[in-house]
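Worksheet for the structure shown next.
The values are calculated or read from the model by the stated rules, or taken from the named source; none is laboratory data. Because the structure is predicted, anything quoted here is derived from the model rather than measured. Cβ sites come from the backbone with ideal geometry, for glycine too, and all protein chains shown count toward neighbours. Each accessible area value is taken on the protein alone, full model and side chains, heavy atoms only, with ligands, DNA and RNA left out. Shrake-Rupley method; radii C 1.70, N 1.55, O 1.52, S 1.80 Å.
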Protein chains: 2
Amino acid sequence: MRKLKESRRPEILDAALQVVAERGLEAVSMRSVAQRIGLTPMALYGYFRSKEELLDAVLGRLLEEIQPPPPGCGWRSVLVHLSYEVRAVAQRHPSVLPLILTRPAVSPVVLRVNDLLYQALLAAGVPPAEIPRLERLLGTVVIGHVLSEVSGRFGAGTLDPAGRRAQPGAGELPGHEALAAELDRPVDWDAEFRANVDELLDLVERRSVAERRPLAEPRPLAEPRPLVERRT
Amino acid sequence: MRKLKESRRPEILDAALQVVAERGLEAVSMRSVAQRIGLTPMALYGYFRSKEELLDAVLGRLLEEIQPPPPGCGWRSVLVHLSYEVRAVAQRHPSVLPLILTRPAVSPVVLRVNDLLYQALLAAGVPPAEIPRLERLLGTVVIGHVLSEVSGRFGAGTLDPAGRRAQPGAGELPGHEALAAELDRPVDWDAEFRANVDELLDLVERRSVAERRPLAEPRPLAEPRPLVERRT
DNA sequence: ACCTGAACACCGTTCAAGT
DNA sequence: ACCTGAACACCGTTCAAGT
């Protein structure tokens, strides 16, 4: 297990992100990434042990874009802020997202975001025994929503709602019929995301019984990244 | 756009599922699936237009394992039942799951499950304007939880909680410290899943104001599949 | 109607070698 | 210390042909 080089890692990750942005996640290959910065595919193996590791690092690189909440926020604003940040990062890099539920995210940034969540739930007065579960539920809802929105599960293909209802093999769909008017309405995803987060935070609030705990001042979530000249 | 053959589709899907079960999702290739039933890779293109289409069909095949709720259930039991069914299917085929959030699921089964959800929410007395969002939220939580559980996001790699806290580059983690006792406890995922579903259904119940609507008797969700002899 | 064979343009990764 | 070149064992898919 050789030691990995560090020097050009950021440059390589940027190249990978460019490939994803321009040609999609499946276009990312050791060959395509290497080519973009004038290297042989094999050169990348000095920096990452495998393609998997490279992709994990790409995901970590994205999460570093998450901004910490502004100082002086209450627990609820902290949670709202972080949810919106995650969604914003996701919308900036839609094609990379499928990685997030497929690969375990163990970068230091994830840990620090989780820590902010824990602190906020403590500050909300949630009993400690309930906090890990509520933190996971919150994360699941935020990530699940964002992923569904960005990668097609909500879209349900190209069929409009009416067409979907009339699909062959579907048979009788009394629920769809009763809700036809609602289902044909276009969806405001921004509003839906806000409503979901809000409702979950109500749920959190209802769980709080204990005495509240003060929130620490937030600090930057990631080290400032080294600057890299791009050769495009 | 040629018409696709039907005859041996079930046989091919079974072969694909066997490959996934034995060697994982990445081992599924036109070559490996074809080989398992004594065909040339090219023969599959008579039944599926591409590997993508084959994988979509595999996902559809899984969803057909979902059992409809027993007759005479109240709306709440219907929703609980369906959540547990989805989780059970997921646990039976863990490696196939990543497909579910990556590919839009438009099989007739999805439609019929959605329809049961709509009917249950109507029966619960939720105002129609709220139902599509709540249905999506429910789906997101169930699928998100199951996926996280099965494909590693909750696992967070091989590090135990204590080891994770001590990771290099993590810095100060006051939230983790305050919750150390809780975080070191092993998690009962069954209980956590039940608690999440329960809490969401409470949330649904709090949304119900209108007069309730009777539930129709549930019917089978999928046609019984044609029998296929396996040649192993 | 259903399937095969050869070919094309790709993959990730190993190993030994080059400066 | 950092990178290259050739090679291996794979991919999905097209096209023309075979029975």
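Kindly indicate which of B:7, B:83, B:95, B:107 is on the phi < 0 side of the Ramachandran plot, within 16 Å of DNA strand D (Cβ to nearest atom) and open to solvent by less than 60 Å² (accessible area, probe 1.4 Å).
Within the list B:7, B:83, B:95, B:107, the selection yields B:95.
Residue-wise test of (1) farther than 21 Å from residue B:219 by Cα; (2) at pLDDT below 90; (3) β-branched (Val, Ile, Thr).
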| site | (1), (2), (3) |
| --- | --- |
| A:166 | no, yes, no |
| A:170 | no, yes, no |
| A:177 | no, no, no |
| A:188 | yes, no, no |
| A:205 | yes, no, no |
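Taking the condition basic (Lys, Arg) and touching a helix residue (DSSP H, G or I) at 6+ places or on another chain (Cβ under 8 Å), does residue A:112 pass?
no
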Within segment B:89-120, residues under 17 Å from residue A:183 (Cβ atoms), part of a helix (DSSP H, G or I) and in contact with a Lys or Arg (Cβ under 9 Å, 6 or more places away or on another chain) come out as B:111, B:112, B:119, B:120
Among the numbered criteria (1) within 12 Å of DNA strand D (Cβ to nearest atom); (2) more than 14 Å from chain B (Cβ to nearest Cβ); (3) open to solvent by 30 Å² or more (accessible area, probe 1.4 Å), which one does residue A:26 miss?
(2)
For residues that are facing another protein chain (nearest Cβ under 7 Å) and not in a loop (DSSP other than H, G, I, E, B), tally how many sit in segment A:178-212.
8
Restricting attention to segment A:49-80, report how many residues are farther than 25 Å from residue A:92 by Cα and near DNA strand C (Cβ under 8 Å from one of its atoms).
2
So is residue B:32 of a type in the set (S, T, N, Q), away from every other protein chain (no Cβ under 13 Å) and within 20 Å of residue B:193 (Cα to Cα) or not?
no
Could you please let me know if residue B:31 is within 16 Å of DNA strand D (Cβ to nearest atom), out of contact with any Lys or Arg (no Cβ under 8 Å at 6 or more places or on another chain), more than 27 Å from residue A:148 (Cα to Cα) and open to solvent by 20 Å² or more (accessible area, probe 1.4 Å)?
yes
Report whether or not residue A:20 is open to solvent by less than 20 Å² (accessible area, probe 1.4 Å) and either more than 8 Å from DNA strand C (Cβ to nearest atom) or within 14 Å of another protein chain (Cβ to nearest Cβ) (or both).
yes
The residue from A:146, A:150 that alone is modelled with pLDDT under 95, under 30 Å from residue A:88 (Cβ atoms), of a type outside the set (Phe, Trp, Tyr) and surrounded by fewer than 23 Cβ atoms within 10 Å (Cβ to Cβ) is A:150
Among the residues that make up segment A:46-58, is at least one of them of a type in the set (Phe, Trp, Tyr), away from DNA strand D (no atom under 16 Å from the Cβ) and either more than 24 Å from residue B:171 (Cα to Cα) or modelled with pLDDT of 95 or more (or both)?
no
Within segment B:46-63, can one find any residue that is free of Cβ contacts under 8 Å to residues at least 40 places away in the same chain, within 13 Å of chain A (Cβ to nearest Cβ) and either touching a helix residue (DSSP H, G or I) at 6+ places or on another chain (Cβ under 8 Å) or small (Gly, Ala, Ser) (or both)?
yes
